[in-house]
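Novice: For reference, the structure I am asking about is given below.
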Amino acid sequence: MDEGDIQSFVDQIQHLFPRIMRYLDAEATRELIGLEVTPSQMNALVSLYGADDLPMGELAELLGLTESAATRLVDRLINMNLVRRGRDDTDRRIVRVRLSSYGTQLAELVLARRQEQFTRFAARMKSSERSKLIEGLSALLTVFGDLEHEAKSTKISTL
């Protein structure tokens, strides 16, 4: 890819992504209507959904938070009766988090709403467009993962 192609790509991404993010933010707000949880709280619930007693450090990493920020978030979720926290049976230093039955119900409701939303979205696209979108988003996530890994490696090597 030459410099002109890269610049064209960057220009298009800078035009498209803010519009896509506005749409996704609006959809996230709609899916939470009446649930009395914030988007970050719902992200935590969805991350915990299907996980058995996730260690706090893993939850923090999934959410892109520090452990102290994840702990504050979990504290709020505990107060809302959405999650439970406990110590690991074999290593008491490890704090584990899991959904309460109410938290599971809430996560299932939002996941069902998301399923409906993405089904509507997919139905308006051609099969080939859906395939290209998945391919492109997968490539983008791979690049993000590579960049994140490089950043961690650089941080470790400078210590």
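The values are calculated or read from the model by the stated rules, or taken from the named source; none is laboratory data. Please read these numbers as outputs of a predicted model, since none were measured by experiment. All Cβ positions, glycine included, derive from the backbone under ideal geometry; neighbour counts span all protein chains shown.
Novice: Check whether at least one residue in the range 31-38 is surrounded by 12 or more Cβ atoms within 10 Å (Cβ to Cβ), in contact with a strand residue (DSSP E or B) (Cβ under 6 Å, 6 or more places away or on another chain) and under 24 Å from residue 101 (Cα atoms), and report yes or no. Walk me through it before giving the result.
Specialist: Narrowing the range 31-38 to residues surrounded by 12 or more Cβ atoms within 10 Å (Cβ to Cβ): 31-32, 35, 37-38.
If we keep only those that are in contact with a strand residue (DSSP E or B) (Cβ under 6 Å, 6 or more places away or on another chain) too, we end up with none.
Looking for residues that are surrounded by 12 or more Cβ atoms within 10 Å (Cβ to Cβ), in contact with a strand residue (DSSP E or B) (Cβ under 6 Å, 6 or more places away or on another chain) and under 24 Å from residue 101 (Cα atoms), one finds none in the range 31-38, hence no.
Novice: Still on this structure, please answer the following. Could you tell me whether residue 48 is at pLDDT 90 or above, in the same structural domain as residue 107 (by TED's automatic domain parsing) and surrounded by 10 or more Cβ atoms within 10 Å (Cβ to Cβ)? Spell out the reasoning first.
Specialist: Numbers: at pLDDT 90 or above: yes; in the same structural domain as residue 107 (by TED's automatic domain parsing): yes; surrounded by 10 or more Cβ atoms within 10 Å (Cβ to Cβ): yes.
Taking the combined requirement at face value, the residue satisfies it.
Novice: How do the pairs read when you match residues in the range 108-123 that are part of a helix (DSSP H, G or I) with residues anywhere that are surrounded by 13 or more Cβ atoms within 10 Å (Cβ to Cβ), using Cβ under 6 Å and keeping only pairs 6 or more apart or on different chains?
Specialist: Note: pairs meeting the criteria are 110/31; 110/42; 113/31; 117/27; 122/130.
Novice: Kindly check whether there is at least one residue in the range 94-106 that is of a type in the set (S, T, N, Q), modelled with pLDDT of 95 or more and touching a strand residue (DSSP E or B) at 6+ places or on another chain (Cβ under 6 Å).
Specialist: Among the residues of the range 94-106, at least one is of a type in the set (S, T, N, Q), modelled with pLDDT of 95 or more and touching a strand residue (DSSP E or B) at 6+ places or on another chain (Cβ under 6 Å), which makes the answer yes.
Novice: Another question, if that's okay. Against the condition touching a residue at least 24 places away in the same chain (Cβ under 8 Å) and either closer than 19 Å to residue 110 by Cα or in a helix (DSSP H, G or I) (or both), how does residue 40 come out, does it pass?
Specialist: Taking the combined requirement at face value, the residue satisfies it.
Novice: Being of a type in the set (Gly, Ala, Ser) and farther than 30 Å from residue 67 by Cβ narrows it down to one of 107, 151, 139, so name that one.
Specialist: Among 107, 151, 139, only 139 is of a type in the set (Gly, Ala, Ser) and farther than 30 Å from residue 67 by Cβ.
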